[in-house]
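First comes the structure, then the notes that go with it.
Laboratory data are not the source of any read-out in this text; all were calculated from the coordinates shown. Just so it is clear, the structure is predicted and the values come from calculations on it, not from any experiment. We place every Cβ from the backbone using ideal geometry, glycine too, and count neighbours over all the protein chains shown.
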Amino acid sequence: MSPHPLAAAEEAADFDVTAAWHVADPYPFLRRLRREQPVFWSEHLRMWVLTRYEDVRAAYRDHGTFSSAGSLTISRTLTDDVRRALGEHESFLDNFAANVDPPQHTRMRRAISRAFTPRAVARLGEAFRAQVDGVLDEVIPRGGTDLVQTIAHLPSAHLAALFIGVPPEDEENVKHWVTSWFQLFLSPQTPDRQKQLAGDFLKYLDYIDGLVTERRERPRDDFASLMAGLIPDELSHREVVETISALLLGGNDTVPNALGNAVLRLMRERHVWEEIKADPSLIPGMIEESFRIDGASLGSFRIPTRPVELHGVTIPAGVEVLISTDSAAHDETVFPDPERFDIRRPNARDHLVFGYGVHHCVGAALSRLKMEIAFQQLTSRIPSLRLVEGTPVEYRRSLVGRGLSALQVEWDER
């Protein structure tokens with residue numbers, strides 16, 4: 001019988017992405033690191049880890065020292081055969097805004113931001129509300145569902161496809177390929193499974209490449225056309241392909257994971273669910289506290305451009321660093337009683353889930369709005385939402401993300 005995740009985390013000597021506790025409940029382990037080894041060498045990850053809030057925020061701010069260039073090239077676990085099969089795409093996302101430094105980052109962020117004006121975000125929010133209601137119309141008569149696969153994922157994935165310009169008939173393939181991407185690069189896999197996933201990944205890139213080429217020739221009113229129209233004067237073809245690929249990854253993963261995590265927390269702390277049902281004005285604060293305590297993102301990677309002296313430790317230049325936003329969000333010196341879910345916490349929004357500084361997530365406002373809309377609709381349309389008793393809760397094992405593999409819920413007929 002395997003140990004409880006909490007006990008495993010308390011006894012852990014290192015990170016272990018293959019272990020259940022690594023994603024489910026790493027906080028006792030991270031608390032010990034903040035106290036005893038705030039700059040920690042992880043033999044398992046083969047990188048340094050920063051765990052204190054001020055150090056994490058400072059690393060985000062100092063992009064000249066803690067470089068993003070190449071930081072998302074997380075292919076160290078791939079076999080030689082798979083590396084050869086991927087070829088130049090082993091370093092996929094080399095030209096995505098989160099994976100480059102200024103001035104390339106500045107140029108790319110300026111281009112991407114055109115699609116995330118306040119007016120555009122509001123319009124996307126209304127489209128998301130319609131997507132949520134459509135899924136709820138379908139599942140409510142059933143009396144129960146796997147929330148992860150339906151309510152959490154479908155509206156966000158549909159909106160991402162609509163926003164980008166992916167035709168409805170291609171959405172299932174895109175969802176499958178995105179899942180393969182995450183499994184290939186961000187979780188341990190057997191050699192045979194790596195080959196299968198690599199094949200899916202290459203199909204994904206070919207698809208996005210074809211979409212961009214088609215939109216250059218026949219533009220429409222969508223993000224793919226907006227970005228394709230910037231080729232070659234402002235963006236390269238590859239920059240556009242990788243930007244679109246990455247945004248589809250986020251639409252199919254980040255917000256759905258955050259929503260699933262928040263629902264699980266609320267079901268376990270039922271009094272908070274009852275509070276936000278009675279007073280929807282509490283929902284934004286609940287969302288920020290959920291981002292903080294159960295963030296879908298565990299951190300970011302950086303590569304120092306020079307040796308860094310910190311807390312008596314020298315981090316060499318060129319050796320990868322994990323800046324743990326997950327640990328920072330539980331730092332007792334910034335968030336008192338950090339394991340308490342406090343939806344009125346005055347500084348909950350100071351979490352670093354969306355990054356900080358020049359690399360603050362360009363889609364943060366849309367992510368917050370989508371979460372708010374989802375909970376407005378859930379609390380009003382399924383007020384009796386609850387977990388199915390006796391159903392185990394399992395997280396997907398990942399290096400950088402916290403997400404549930406399933407969450408069985410039910411409700412009373414109305």
Positive minus negative residues near Gly260 (Lys, Arg vs Asp, Glu; Cβ under 14 Å): +1
Sort Glu242, Glu288 by Cβ crowding within 10 Å, fewest neighbours at the top. Glu288, Glu242
Mean-square fluctuation check for the chain, GNM, Cα pairs under 10 Å: which of Val82, Val313, Val321 is largest? Val313
Which residue fluctuates the most in the chain, going by a Gaussian network model with Cα springs under 10 Å, if the choices are Gly143, Gly165, Gly299? Gly143
From Cα pairs below 8 angstrom and at least 6 apart in sequence, can you work out the relative contact order of the range 222-364, rounded to a whole percent? 21 percent
Specify the inter-centroid distance of the range 129-178 and the range 263-280, based on alpha-carbon positions, in whole Å. 24 Å
Restricting to DSSP H runs of at least four residues, report the calculated mean residue ellipticity at 222 nm for the chain, -39500 (n - 2.57) per run over all residues, nearest 500 deg cm²/dmol. -15000 deg cm²/dmol
Say we join alpha carbon atoms closer than 10 Å with springs in a Gaussian network model of the chain; which of Ala152, Ala228, Ala365 then has the biggest fluctuation? Ala365
Nonlocal amide H pairs with Ser67, under 5 Å, H built at 1.01 Å: Ile303, Thr305
Below 21 Å Cα-Cα, how many Lys pairs turn up in the chain? Only count pairs eight or more apart in sequence, or on different chains, if you could. 5
Can you give the percent of C-alpha pairs in the range 53-382 whose distance is more than 35 Å? 23 percent
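Taking the convex hull of the Cα atoms, report for the range 308-385 its projected area averaged over all directions, in nm².
With the hull built on Cα positions only, its mean projection is 8.0 nm².
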Dipole-positive endmost among Ile315, Thr305, Leu248 within the range 203-316 (Cβ charges, Cα centre): Ile315
